[in-house]
1. Taking the Cα centre of the range 241-318 as the origin, how large is its charge dipole in debye, to the nearest 20, when only Lys and Arg (+1) and Asp and Glu (-1) carry charge on their Cβ atoms?
2. Once R0 is set to 41 Å, what does the formula 1/(1 + (r/R0)^6) return for the Cβ-Cβ distance between residue 175 and residue 214, expressed as a FRET efficiency to the nearest 0.05?
3. So what are the ³J(HN,Hα) numbers for the range 135-142, from phi and the Karplus equation (6.51, -1.76, 1.60; θ = phi - 60°), rounded to whole Hz, Gly and Pro as x?
4. Quick query: amide H of residue 125 versus all other amide H atoms, modeled in the peptide plane; which residues come in under 5 Å with a sequence gap of 5 or more or a different chain?
5. Over the Cα atoms of the range 241-318, what Rg and Dmax result, in angstrom?
6. Counting DSSP beta bridges with both partners in the range 105-236, what percentage is antiparallel, nearest 5?
7. What FRET efficiency comes out for residue 237 versus residue 316 if R0 is 45 angstrom and r is the Cβ-Cβ distance? Round to the nearest 0.05.
8. Explain nothing, just the number: dipole magnitude of the range 187-321 about its Cα centre with +1 on each Lys and Arg Cβ and -1 on each Asp and Glu Cβ, in debye rounded to the nearest 20.
Amino acid sequence: MLQIYLLHINIMNHYDVLCVQNTASTDDIKKSYRKLAMQNHPDKGGDDAYFKSINAAYEVLSSPTKRNAYDNSRTRPTPTMFNDINVVFNQGSFSRPTKHVPTPAKQVILNLSLNEAFTGCNKELHITTDIPCKTCSKLCNVCNGQGHIMKTIRHNVGNFAFCVQNTIQMCEQCKGKKIVKNDNNSNCKMCNNSMFITKNVTINVVVPRGVENNLRLKVRNPLNSNEELHVITKITMSSNYSRKGNDLFYTLRISIFDALFGNVWNIPHPSNTNIIIDRTKSPDVIRNNESITLDNKGMNKESKLHVMFEIEMPHKRKNECSNEEMTCLKKTLDNIFY
Ligand SMILES: [Zn+2]
Ligand SMILES: [Zn+2]
């Protein structure tokens, strides 16, 4: 009976509020909602805030679209001040495992050419990082160099239970910096009193073959073990190339003459080789936006390269063509193609 008070209303988990598993069917959610709403109706002495949270949770979980969006949002890490929740009853207790307190992350862009992304490579990243000044700073003794402190708040829920909510708050003394000024050094020339010294770091990043764009690689900052570096890949596509998943797309611009009579083209491939497209022997003309697909030539062995022909129109104006030339051209084209 008392498990309905399991969680404090501020906790952003609708499943917990409705006392159902996140795999629960719509029917189970409905049943649990009805039961909880009846038991906790403010007219029957229920907690008003908890009743509202039951309704809010049901509004989301009863709609497949909203539930889906909610489930997706839960899989993404969200900044949260809740770290550890213990809910205590007069008949027992329930606790959630302590979540890891996120360490601050510095984002660094790793620029790659398409060729580098295709073949994989070693890249050096030069970044700057702030490290505590040893001359004038010391570890904050209030938070023990954590930058935050845990505060416990007790909330009564209804008449029978209460929540113990542990929240993480920024340390007031060091303002989250983890260090404070050393007493005997109030005017430090080493860091201009900022308590931090900026250092240059070079990190070698091993880029795997066929790496994706916008991939986030997590690397520990070698100068500051408390800082995580998020290296994000930014691939610059070579001209005429685009990419969808691991498939590559190449736009091959050809003249009207080549579209009619064919030609041999060399396409630069990100594997640092050339791919030969030979359309001299084909009896068919090439149509605009026609494409050919080459297996195993995408970003990996399982993916494809799609070569799309784009017929370039002449840049000259047609009034520069004489009547004789026009007649001759029409006659030739009619003879051959129609
Ligand atoms: Zn200093
Ligand atoms: Zn502190």
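Nothing in this text is a laboratory measurement; each read-out follows from the coordinates by a stated rule. All values reported here derive from a predicted model rather than from experimental measurement. FYI the Cβ positions are ideal-geometry reconstructions off the backbone, even for glycines, and counts take in every protein chain you see.
1. 260 debye
2. It comes to 0.80.
3. 5, 10, 10, 9, 5, 5, 7, 6
4. Answer set, sorted by chain and number: 203, 204, 205.
5. 13.5, 46
6. Antiparallel bridges: around 75 percent, rounded to the nearest 5.
7. Calculated value: 0.90.
8. Roughly 420 debye, rounded to the nearest 20.
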